[in-house]
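Beneath this line is the structure, given in structure tokens, with notes to follow.
The values are calculated or read from the model by the stated rules, or taken from the named source; none is laboratory data. Just so it is clear, the structure is predicted and the values come from calculations on it, not from any experiment. Counting neighbours? That spans all protein chains shown, and the Cβs are built from the backbone with ideal geometry, glycine included.
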């Protein structure tokens with residue numbers, strides 16, 4: 001990105017004027033365009049009514065589906081909208097028929113909510129949860145994954161970028177393994193979508209979930225699911241309601257076409273149009289350009305922290321992104337985050353309960369998590385490193 005482009009993006013992002021925002025893995029800053037789309041829709045609802053506003057804005061709402069489909073290289077019929085990414089993930093996971101003895105293969109860096117769902121499936125259905133080991137770099141060992149494939153495996157579940165660090169798991173290679181074995185593949189892309197390119201054809205996933213609030217810079221209360229058309233015949237949605245299914249006039253019903261069979265009727269359409277505006281901005285900027293910029297900023301931050309004697313950086317993987325986790329000798333993660341906040345720098349901390357399988361192997365949590373985005377500047381990165389160095 002050119003310096004002039006970055007400055008314009010910052011001018012169009014009100015939050016950049018007040019703080020150094022390094023918590024984009026938590027929630028990115030809204031742009032003026034997204035804020036305008038949301039407030040205009042809210043004013044319309046207030047002026048003419050909620051149902052009437054949705055009807056009048058039907059094309060704009062449909063545009064959000066189309067924008068997400070373009071972002072993911074999918075068809076709009078393969079997109080379902082939710083109020084968060086966990087509900088989207090649950091909609092996919094709980095639709096997969098599992099029985100006693102069936103196996104779920106997952107990675108050591110799987111997100112905490114996903115792990116709890118796997119454990120519930122083990123308790124309820126008697127499914128077996130198998131954690132694939134990491135390779136020497138700390139990413140999922142694809143050779144070990146391939147060796148574990150047999151007729152008992154019904155699902156491969158993978159978190160592409162974990163909540164606890166800069167690791168980028170080899171999601172494309174996992175997709176090749178899943179496809180060759182004809183095993184369903186559910187990819188949690190919550191921390192990935194909007195940070196770099198996510199092409200579901202290249203990834204080879206059957207399901208992909210994401211959120212609007214993080215690197216897409218959309219509003220909170222938005223999530224989405226990609227469900228590959230060819231995978232729908234192999235699943236049975238967990239919930240039937242008037243959005244997802246149609247009563248046939250007798251004592252049965254028909255599922256809605258495509259991914260809409262996972263949705264519920266009620267939506268915050270203000271959030272939906274805000275998500276559409278945020279996705280449109282990401283598409284206009286280009287995910288390759290965004291990916292290069294975020295990776296550069298992540299590397300600058302990571303390398304700067306590694307040069308400090310009192311800092312331990314805990315990011316894994318052969319490929320790393322714009323999430324950086326670190327601990328400071330003699331200071332708790334909460335103390336470090338509070339000190340950075342005192343200097344108007346937003347960061348977050350990791351939680352052991354959100355990283356169960358990782359915690360079993362590494363006792364690093366809680367750690368400080370810093371996550372820049374393309375609108376951050378090199379000077380902001382260096383300022384954060386300097387504050388940490390002074391602790």
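Any residue at all in segment 238-249 that's touching a helix residue (DSSP H, G or I) at 6+ places or on another chain (Cβ under 9 Å) and touching a residue at least 24 places away in the same chain (Cβ under 8 Å)?
Keep residues of segment 238-249 that are touching a helix residue (DSSP H, G or I) at 6+ places or on another chain (Cβ under 9 Å), which gives 238-240, 243-245.
From the residues that got through so far, the ones that are touching a residue at least 24 places away in the same chain (Cβ under 8 Å) too are 238-239.
Within segment 238-249, one or more residues are touching a helix residue (DSSP H, G or I) at 6+ places or on another chain (Cβ under 9 Å) and touching a residue at least 24 places away in the same chain (Cβ under 8 Å).
Output the qualifying pairs, or none if there are none: Cβ atoms under 7 angstrom, residues six or more apart or on different chains, first residue in segment 329-353 and on the phi > 0 side of the Ramachandran plot, second residue modelled with pLDDT of 95 or more.
That search, which allows pairs on different chains as well, returns 344/19; 344/20.
If you take just the strands (runs of 3 or more DSSP E) that sit entirely in segment 239-334, which of them hold at least 2 residues that are modelled with pLDDT of 95 or more and surrounded by 22 or more Cβ atoms within 10 Å (Cβ to Cβ)?
Numbers: elements: 245-247, 253-255, 311-313, 324-328.
Qualifying strands (runs of 3 or more DSSP E): 324-328.
If the requirement is being part of a loop (DSSP other than H, G, I, E, B) and either surrounded by 21 or more Cβ atoms within 10 Å (Cβ to Cβ) or not assigned by TED's automatic domain parsing to the domain that holds residue 233 (or both), which of these qualifies: 198, 178?
Answer to the selection: 198.
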